[in-house]
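Step one of this worksheet: look at the structure below.
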Amino acid sequence: MPQSYTIARLAAAAGVHVETIRYYQRRRLVAEPPRPVGGVRRYTEADAEGLRFIKRAQAMGFTLAEISNLLRLRTRRSCRATRELAATKLQIVDSRIRELRQLRKELAALIADCDANADETTCPVIERLALQPPLVRRA
């Protein structure tokens, strides 16, 4: 007999909260099984694996909209289209890494300015934040 879960046990098996499952159901990432008359909805191991797939994709930086596409591609087994999504995500990650490296340089320079600052009435970090726009803009 296949494994059957209540929503609470499904959440535990997948390492998520019950409310996360309900949210994914509202987003149509996870199907909501029918409720038997007078009974409790039952989920399968495939549902648990689907939730783990979503969490692994999120850990790789995919948005829920992108994960929705990945779930559709998973059933169609389309490697080319999946590769395109992953390649786009890699470009975004590379861009973010470049931005973070620049931000690191700027912060290191500000800290060095603070270390060299003998005047406690002024602060290079505060002055920088007050006068100039940020180098890194988050989307």
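The values are calculated or read from the model by the stated rules, or taken from the named source; none is laboratory data. All figures in this text were calculated on a predicted structure; none of them were measured in a lab. Every residue, glycine as well, gets a Cβ built from its backbone with ideal geometry; the counts of neighbours run over all protein chains shown. These area figures cover heavy atoms from the full protein model, side chains too; ligands, DNA and RNA do not enter into them. Shrake-Rupley method; radii C 1.70, N 1.55, O 1.52, S 1.80 Å.
Among the residues of the range 26-45, which ones are open to solvent by less than 30 Å² (accessible area, probe 1.4 Å) and without any contact (Cβ under 8 Å) to a residue 40 or more places away in the chain? Talk me through it step by step, then tell me what you get.
Looking only at the range 26-45, we keep the residues that are open to solvent by less than 30 Å² (accessible area, probe 1.4 Å), and these are 29-30, 33, 39, 43.
Residues satisfying the conditions are Val30, Pro33, Gly39, Tyr43.
For Asp115, state whether it is loosely packed, with under 10 Cβ neighbours inside 10 Å and acidic (Asp, Glu).
yes
Before we move on, is Leu85 within 25 Å of Tyr5 (Cβ to Cβ), surrounded by 12 or more Cβ atoms within 10 Å (Cβ to Cβ) and at pLDDT below 95? Outline the logic, then answer.
Numbers: within 25 Å of Tyr5 (Cβ to Cβ): no; surrounded by 12 or more Cβ atoms within 10 Å (Cβ to Cβ): yes; at pLDDT below 95: yes.
It is false that Leu85 is within 25 Å of Tyr5 (Cβ to Cβ), surrounded by 12 or more Cβ atoms within 10 Å (Cβ to Cβ) and at pLDDT below 95.
Within the range 89-112, which residues are open to solvent by 70 Å² or more (accessible area, probe 1.4 Å) and within 30 Å of Val30 (Cα to Cα)?
Leu90, Gln91, Ile92
Given (1) surrounded by 14 or more Cβ atoms within 10 Å (Cβ to Cβ); (2) not charged (D, E, K, R); (3) not in a helix (DSSP H, G or I), identify the lone condition not met by Pro2.
Just one mismatch for Pro2, condition (1).
So the check is Cβ under 9 Å with 6+ separation or different chains; which pairs have a first residue in the range 83-105 that's over 15 Å from Leu70 (Cβ atoms) and touching a residue at least 60 places away in the same chain (Cβ under 8 Å) and a second one that's open to solvent by 80 Å² or more (accessible area, probe 1.4 Å) and acidic (Asp, Glu)?
none
Sort out which residues of the range 9-22 are closer than 19 Å to Ser68 by Cα and either at pLDDT below 95 or open to solvent by less than 90 Å² (accessible area, probe 1.4 Å) (or both), and write them in order of number.
Within the range 9-22, the subset closer than 19 Å to Ser68 by Cα is 14, 16, 19-22.
Correct list: Ala14, Val16, Thr20, Ile21.
Can you find a residue in the range 53-72 that is of a type in the set (A, V, I, L, M), within 30 Å of Thr6 (Cβ to Cβ) and open to solvent by 70 Å² or more (accessible area, probe 1.4 Å)?
The answer is yes; a qualifying residue exists.
May I ask you to list the residues in the range 34-63 that are in a loop (DSSP other than H, G, I, E, B) and out of contact with any Ser or Thr (no Cβ under 8 Å at 6 or more places or on another chain)?
Pro34, Arg35, Pro36, Val37, Gly38, Gly39, Met60, Gly61, Phe62, Thr63
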